[in-house]
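A.B. asks: Pasting a structure here, questions to come.
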Amino acid sequence: MKSRILLSLLVFALALSACNLPSNVPATPTLTATTPSATQSLALATNTPAATALPTNTVPPPNTSTPTVPVAFPREVAVNCRLGPSTAWIVLSGLNVGASAQIVGKTADGGWWYIVDPFSSGRNCWVASSVTNTAGNLAGIPVAAAPNATVTEASVDVDPNTISVAGCTGPIQPIEITGAIETNGPVTVTWHFETEQGGSMSTQTTEFDTFGEQDFSVDYTPPLTAGSYWVRLVVTSPNNLQAEEEYTITCP
């Protein structure tokens, strides 16, 4: 009986000694899964970007291509486009700054360009080369002839246009016939006055050094016969043109 009691005590003592083992004995390691934080990111392999050229202040080379169609454009300010190749010709149109027009001809000395009218493609006009620049191939531009100036307007007036002579007896006062001729350029004009009562007056020749109007007048004493009569200004060169007015003689 005693031996069983002693055995039980011995087993109990051994159990107590096992609970008091030293603390430095390594314990069985515990594996813990680590979850990456939200701020972590995986570094991915990337290709190194190619070097990009930085802009410089170097001006690119000018475009040296030559247009096939020759054109003219103003140098500084808008220029007049005239009927003929000089300032003695009337202005038809204009070439504005920023605009250009095709060159279709030139003067023999190159002083004027014959261009397509910028405002009316159905006609041409002249600009001075001294106030225009050009671009394109100028080699094949032909020499263009200047136009022939013409009389564009004629008018005639009579003063007074009513003559009153009591009883149609006694002297009659003269009337003044005034005519005006307008041209579009430098030209020589041949003209004369005509009256219904007196017929044609002497032929006159007038030089127009530039476009514009010139006036002419003559005193005329008609026959003293009551009635209404015409007076004409007749242009015969460089073109035919005439104007007509009436005067009246009364015998109260």
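A.B. asks: Please get the size of the charge dipole for the range 59-188, origin at its Cα centre, with Cβ charges of +1 on Lys and Arg and -1 on Asp and Glu, quoted in debye to the nearest 20.
C.D. replies: In total the dipole reaches around 620 debye.
A.B. asks: Under the rule of at least 5 residues apart or a separate chain, name every residue whose amide H is placed under 5 Å from the amide H of T221.
C.D. replies: Placed amide hydrogens put I175 under 5 Å from T221.
A.B. asks: Continuing with the same structure: On alpha-carbon atoms, Rg over Rh for the range 151-250 using Kirkwood Rh? If you can, show how the numbers build up before the last one.
C.D. replies: On the way: Rg = 14.9 Å, Rh = 14.2 Å.
Result for the range 151-250 is an Rg/Rh of 1.05.
A.B. asks: Using the alpha carbons of the range 71-135, what is the convex hull volume per residue in cubic angstrom, as a whole number?
C.D. replies: On the way: hull volume 4.7 nm³, N = 65.
Per residue, the Cα convex hull of the range 71-135 comes to 72 Å³.
A.B. asks: Let me ask something else about it. Using θ = phi - 60° and the Karplus relation 6.51 cos²θ - 1.76 cosθ + 1.60, list the HN-Hα couplings for the range 173-190 in order, rounded to whole Hz, with x at every Gly or Pro.
C.D. replies: Result, rounded to whole Hz: 6, x, 10, 9, 9, 10, x, 9, 10, 10, 10, 9, x, x, 6, 9, 10, 10.
A short reminder: the numbers here are calculations on the coordinates, not readings from a lab. Predicted, not measured: the structure shown is a model, and the values here were computed from it. Positions of Cβ are backbone-derived with ideal geometry, glycine not excepted, and every protein chain shown enters the neighbour counts.
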